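Read-outs: derived from the displayed coordinates by stated rules, not from any lab. Computed from a predicted model, the values in this text were never measured in an experiment. In this analysis, Cβ positions are derived from the backbone assuming ideal geometry, glycine residues included, and neighbour counts consider all displayed protein chains.
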Amino acid sequence: MSLLKQSLDIPAFASTQLALLDAELQSELQETSGLIANTSPTSLQRAGLAITNLVVSSQRTGLGGRTVLELSPDSATAGASGELPEHGIRTGDIVLLSEQPAGSAKKREIKDLEKRGVRGVVTKTKKDAVAIAVDEDKEDALSLSGRVWLVKLADDVTYRRMNLTMEKLQKMTESEYTSFMRVLFGLSSPSPVPCDLSTDAEYGNIEWLDPTLNESQKDAIRFALASRELALIHGPPGTGKTHTLIELILQMVKRGLRVLVCGPSNISVDNIVERLSPHKLPILRLGHPARLLPSVIEHSLDVLTQTSEAGLIVRDVRTEMDAKQASIKKTKSGRERKAIYGDLKELRKEYRERERRCVDTLVKGSKVVLATLHGAGGYQLRNEEFDVIIIDEASQALEAQCWVPLLAAKKAVCAGDHLQLPPTVKSTNSKTKVKPREGENIIKGMNLETTLFDRLLSLHGSSIKRMLTTQYRMHEGIMRFPSDQLYESKLIAADAVKDRLLKDMPYEVKDTEDTNEPVIFIDTQGGDFPEKNEEEDTGKKGSIRSLYGESKSNEMEAALVRQHVRKLVNAGVKPEDIAVVTPYNAQLGLLAPLKDAFPGIELGSVDGFQGREKEAVIVSLVRSNADGEVGFLSEKRRLNVAMTRPKRSLVVVGDSETVKRGSKFLSNWMDWLENNADLRYVDATSIEAA
Ligand SMILES: Nc1ncnc2c1ncn2[C@@H]1O[C@H](COP(=O)(O)OP(=O)(O)OP(=O)(O)O)[C@@H](O)[C@H]1O
């Protein structure tokens, strides 16, 4: 019997997860320290992983009592504009801030950097400055006068919490297993729910708050309300998963239930906070304010601790801390500075104490609490009870991450789509060995890419899920293939979208052969336009390319993409309504000049575009070789994501001969495109010079 269909031995499951997580963390750390040791700070900066030549321009107390350093470009190296160079550091990134070594070619061991530097979270990035909330008790480790640089680190904090959770699970005795846990591990079956709830006495006559809900959405909500332990809401692309969850949360609150809503990323949680916000419920968003969207900050715990009445008393201490922070600049000796840091430490303790009391009051008064899965494991929710835990984007979360809130749950509703990409796992193909701890059993064959959503579906079958079937994104023609191949032909295109084409945009777009077709296939078959392997090309260790590992590119496809974009723009389509996606980073590199030629256009990897949509999407498949090698293009969930991003126009550029040989799914897709898309073969002479 397949591993996923079996009930699981809980301690062995936890041991396996611990071993897998350890291997994953090791590969992540190795990758980061390898990059830092072998790549110059300037190259790291160009790859978006570092910012060099900075000086500390100010220091203050930020939210949560943390010290925030503001860093600006060193005037000796910054241009006249005083702006930071191009960089890829984002709010929320965990970074290491350290003195900049003289001579950039020196080997830098991450251990040494950590010893001399401080870790922190990026709280703000502006054109001319970046702000970092540094870890407590380390502020004085950094001399504030010299030139510094910062580099992005692997986020090992999330692992600590997953490990703690798995260790707790591992140690639980059988008598401690709740009936909820027993269902999730297959030790018992979920309580049955009537098949048709639309005629049910309790759930048949729900007063819907949102009158636009479609039948499949209503059905999913009824099911999620009626199920005792567990419900999965399967939301294919564009089917209104979040829309449905909002109504579900409101219905639960109306029934007096207390709900914890989680997602794997801050953005997934903020998305829900933004949409719940107009409903005027007492909602609370947990999490480091640096990582929250500005529009949800008013619901954040850190802000409420300052603005609410309960927060008044916390504010007093904060004022005192600020005064101390400001006086540091005026100190003359190291000893004086040390004394101030000592005072700050005491004040911070007091601050924490008062904050804790205030937090308790706020948390207890909230009917809906929202946090990332990881954030739900913080001290704020210790001993808090919820009737239901809702996990959005559950198919993109590691199972161990889901257990952070689930360990204390009575009931869970998980929303997701297991037919799109699972969370990115680095250790799958690496040489990192999965080692069990001594005396522990390991379940062979288990891996991190199998999500809780996948496992529950295999374990209990489709009776525990409801699927949303009306999609509000794609033209009917774009939806057809993914619907037939992956979603049992159940998807229906909503009337408002089913025949929308580029030529019908709300602004003037000419009716051309490129704007009046939903699906176009530009086939480069014939073997004249082979792919290139980036590693063979550059080969240099430490070069910027090696940051991306081995990647593929295809110049002819890039030229065809360029040509198509130009035709769309000439017809009147705005560049910001066009995206080009491709599975390969090297191809993205080749396509980069499009951004200068057509400002506003978006270029992205398929994996990075999951969850997004655009009016027109051009997919460059890249692979073209004599052996029919397609690499990770063979992953049908990746293809599904690629082909379901557009609303009005999908353009596929690829070599059908190579791609066809990659997998059954690819061959079906190529056949389908040949028969249903507007098919175009390439005449190399017709392509303008790249
Ligand atoms: N019942 C409905 N009637 C009309 N429009 C709807 C309905 N449900 C969802 N939509 C629209 O469909 C779009 C997608 O909805 P939403 O953002 O909730 O989807 P999602 O499933 O979370 O997205 P994704 O497909 O990226 O996971 C939104 O523009 C939303 O307004």
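Summary table
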| item | result |
| --- | --- |
| Normalised contact order of region 142-239, rounded percent, pairs of Cα under 8 Å and 6 or more residues apart | 23 percent |
| Per residue Cα convex hull volume in Å³ - calculated over region 151-281 | 173 Å³ |
| Cα-based reach from Lys330 at 23 Å (exclusive), listing lysines while leaving out same-chain residues under 8 positions away | Lys138, Lys338, Lys345 |
| Ratio of Rg to Rh over region 397-516 (Cα coordinates, Kirkwood Rh, two decimals) | 1.14 |
| Radius ratio Rg over Rh of region 9-78, counting only Cα atoms, Kirkwood formula for Rh | 1.22 |
| Backbone N within region 549-579 under 17 Å of label point (7 Å from Lys510 Cα along the Cβ vector) | 563-575 |
| Full-stretch length increase - Ala37, Asp499 - with 0.36 nm per residue and alpha-carbon distance subtracted | 160.9 nm |
| Order of Ile297, Ile132, Ile578 under a 10 Å beta carbon neighbour criterion, fewest first | Ile297, Ile578, Ile132 |
| Val157/Glu274 FRET efficiency (R0 25 Å; Cβ-Cβ; nearest 0.05) | 0.50 |
| Residue-span extension gain [Arg147 to Lys115] - 0.36 nm each, minus C-alpha spacing | 9.8 nm |
| Where labels lie 7 Å past Cα in the beta-carbon direction, separation of Ala626 and Ile492 in nm | 5.2 nm |
| Order by protection proxy (mean Cβ within 10 Å, highest first), peptides 339-349, 601-611, 367-377 | 367-377, 601-611, 339-349 |
| Tail beyond 24 Å, pair distance distribution of region 571-690 (Cα, percent) | 26 percent |
| Set of aspartates and glutamates with alpha-carbon distance to Lys490 below 20 Å, sequence-local pairs under 8 removed | Asp196, Glu215, Asp219, Asp417, Asp454, Glu476, Asp499 |
| Computed over the chain: relative contact order in percent, which uses C-alpha pairs under 8 Å that are six or more apart | 14 percent |
| Simple label model, 7 Å out from Cα along Cβ direction - Lys124 to Asn533, nm | 4.9 nm |
| Neighbourhood net charge (11 Å Cβ-Cβ; Lys/Arg +1, Asp/Glu -1) for Ala493 | +2 |
| Reduced Cα scattering model of region 248-381, Debye log10 I(q)/I(0), q = 0.17 Å⁻¹ | -0.91 |
| Neighbourhood net charge (15 Å Cβ-Cβ; Lys/Arg +1, Asp/Glu -1) for Asn675 | -3 |
| Rounded FRET efficiency, nearest 0.05, which uses the C-beta distance separating Lys338 from Glu438 and R0 of 41 Å | 0.40 |
| Cross-link pairs beyond the 24 Å C-alpha cut-off, checked among Lys367/Lys614; Lys510/Lys636; Lys254/Lys364 | Lys367/Lys614; Lys510/Lys636 |
| Percent antiparallel among DSSP beta bridges (both partners in the chain, rounded to 5) | 40 percent |
| Debye intensity ratio in log₁₀ form over the Cα atoms of the chain, taken at each q of 0.06, 0.08 Å⁻¹ | -0.39, -0.71 |
| Globularity index of region 453-525, i.e. its alpha-carbon radius of gyration over 2.2 N^0.38 Å | 1.50 |
| Theoretical gain in end-to-end length, Ser327 to Arg356 [0.36 nm per residue, Cα-Cα removed] | 7.7 nm |
